[in-house]
Amino acid sequence: MKHLKGFPYKKALVVGLAKSGFAAADLLHTSGIDVKVNDLNADSTGEQAVKLADAGIPLITGSHPFELLEDREVVIKNPGIPYENEMIMEASRRNIPVITEVELVTYLHDGPIIGITGSNGKTTTTTLVHRMLEEDGKNVQVAGNIGDVACEVARKTGAEDTMVIELSSFQLLGIDKLRLHTAVWLNIFDSHLDYHKTRENYIEAKSRIMKNQLEEDSFVFNNDDGVVSTFREKSVAAAVPFTVEENDRGASADGNHVYFDGEIVAERKKIVLVGEHNLQNCLAAVAACKSAGVTNEAIQAVLYSFQGVEHRLQYVEEKKERYFYNDSKATNIRATSYALEAFENPVILLAGGLDRGNSFDGLAPYLNNVKHLVVFGETSAKLEEVAGELNIPCTPVDSMEEAVVMAYRNSKEKDVILLSPACASWDQYRTFEERGNKFVEAVNNL
């Protein structure tokens with residue numbers, strides 16, 4: 001296991017435990033850095049806490065005592081902790097740098113790094129890029145917001161390895177020196193505004209994907225996104241566009257083929273993933289991988305076989321000619337609109353979840369093909385209101401099991417039964433994965 005090289009701080013405070021905080025604390029400690037951990041709600045008897053204690057790493061829980069900052073030179077913040085947190089604000093007042101765990105990769109990994117961000121499609125695109133590189137015989141490791149802690153993965157990489165990192169806006173806000181040899185920006189939609197406060201702040205956070213790039217690097221961007229495409233002029237790296245329209249530069253498509261710089265890369269009809277949003281994800285992956293020298297054959301092998309990421313427009317099964325899809329990762333209106341656009345057959349939509357204060361008027365134009373709406377969670381009443389305005393039958397339920405049964409009862413042959421909530425899961429479930437698993441379980445129990 002590698003240790004940090006050239007890390008400029010000798011005393012660190014990790015704020016927020018969870019997976020990334022624990023990984024950062026362990027790395028810092030084994031690299032000879034004096035580290036303490038502070039978490040407001042951590043279980044002091046839990047597995048991670050016990051491991052920290054066994055290693056001699058102090059863990060302070062239950063409060064944020066400012067005296068912890070007195071001799072600290074840097075704070076490593078859990079990405080989900082807002083900058084309005086009292087400990088983070090106090091660190092800033094004391095001019096102590098605040099970074100996120102992914103910044104530590106800078107001091108661990110010597111090989112190429114491909115970073116991928118966007119409001120939607122990050123995990124699918126990250127997985128596509130990972131598989132294409134792997135299919136091409138390259139040594140590749142995947143990490144970040146996709147599930148594996150980046151600094152933990154980077155400890156095991158060699159100089160020949162490529163790291164592919166899915167990056168959230170939360171993580172990007174906390175980078176300083178991290179350089180991405182290929183930066184991929186998929187799209188921008190209103191999301192996480194409860195964290196970022198304004199759309200402008202959110203865009204600024206996403207744009208940090210380009211930070212520290214050099215002229216020999218690549219900036220892969222969505223040429224069909226009016227905001228993202230404006231940043232090509234602000235990047236010093238080589239601009240590599242992708243677009244669902246024909247284009248002689250970058251990755252593009254027509255009705256028959258996918259192209260890169262005008263060369264045919266793959267046949268459209270053989271691509272397994274459905275929906276225009278997934279076509280954009282495929283094109284972004286093609287642009288990133290062609291920039292990294294991946295062969296067309298490797299790209300084709302993945303595009304022609306990859307059926308999707310779990311909980312992201314994932315095909316579950318068919319029951320009596322009803323087709324079930326799990327899109328629990330659709331935690332905003334845009335993601336759900338993408339899913340609805342992917343189907344021509346009538347859809348029974350299962351939606352609802354955490355109420356973040358937004359209306360669902362923006363979903364209305366995409367409900368033309370929805371024959372029945374089954375709603376749950378805090379936003380049930382809001383979704384019922386939209387359904388009533390469009391004269392779409394709507395049934396509120398209390399659980400995922402009820403939702404699946406109700407959807408099945410109201411379905412006919414050839415219907416698509418789609419879980420695509422357009423909301424976060426935290427009102428009823430700990431994660432979107434738990435919500436999706438409950439859906440799959442309920443489908444299996446029909």
List 429, 9, ordered by accessible area with a 1.4 Å probe, largest first: 9, 429
Virtual paramagnetic centre 7 Å along Cα→Cβ of residue 431, amide N under 18 Å, in the range 295-333: 309-314, 326-332
GNM top mover of 378, 276, 70 - the chain, alpha-carbon springs below 10 Å: 70
Farthest toward positive dipole pole in the chain [+1 Lys/Arg, -1 Asp/Glu at C-beta], among 151, 259, 424: 151
On Cα atoms only, tilt of 400-409 relative to the major axis of the chain in degrees: 20 degrees
Full-extension gain in nm, residue 5 to residue 445, via 0.36 nm per residue minus C-alpha separation: 153.2 nm
Accessible area per residue, Å², the chain with all protein chains present, probe 1.4 Å: 42 Å²
Percent accessible area from carbon and sulfur atoms, the chain, protein chains only, probe 1.4 Å: 45 percent
Spin-label proximity, residue 304 to the range 118-135 - amide N less than 16 Å from point 7 Å beyond Cα toward beta carbon: 132, 135
Solvent exposure ordering (accessible area, 1.4 Å, most first) of 415, 361: 361, 415
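Whenever you get a sec, line up 39, 176 from highest to lowest accessible area (probe 1.4 Å, protein heavy atoms).
On the way: 39 25, 176 65 Å².
Reading off the accessible areas and sorting them downward yields 176, 39.
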Debye, to nearest 20: dipole size of the range 166-284, +1 on Lys, Arg Cβ, -1 on Asp, Glu Cβ: 400 debye
Per DSSP, loop chymotrypsin sites (Phe, Trp or Tyr not before Pro) in the range 268-373 with at most 15 further Cβ within 10 Å: 304
Dipole magnitude of the chain, debye to nearest 20 (Cβ charges: Lys/Arg +1, Asp/Glu -1, about Cα centre): 400 debye
Förster-model FRET efficiency, 41 Å R0, residue 414 and residue 232, C-beta, rounded to 0.05: 0.45
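Please identify the trypsin sites (Lys or Arg not before Pro) of the range 264-364 that satisfy two criteria: DSSP loop assignment and at most 12 other Cβ atoms within 10 Å. Which are they?
Qualifying residues, ordered by number: 320.
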Residue with peak Gaussian network fluctuation, the chain [Cα springs, cutoff 10 Å], from 46, 352, 56: 46
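The values are calculated or read from the model by the stated rules, or taken from the named source; none is laboratory data. Predicted model only: the values in this text are computed from it and were never measured. For neighbour counting, all protein chains shown are included, and Cβ atoms are generated from backbone atoms with ideal geometry for every residue, glycine included. For the accessible areas, the whole protein counts, side chains as well, though only heavy atoms, and no ligand, DNA or RNA atoms are used. Shrake-Rupley method; radii C 1.70, N 1.55, O 1.52, S 1.80 Å.
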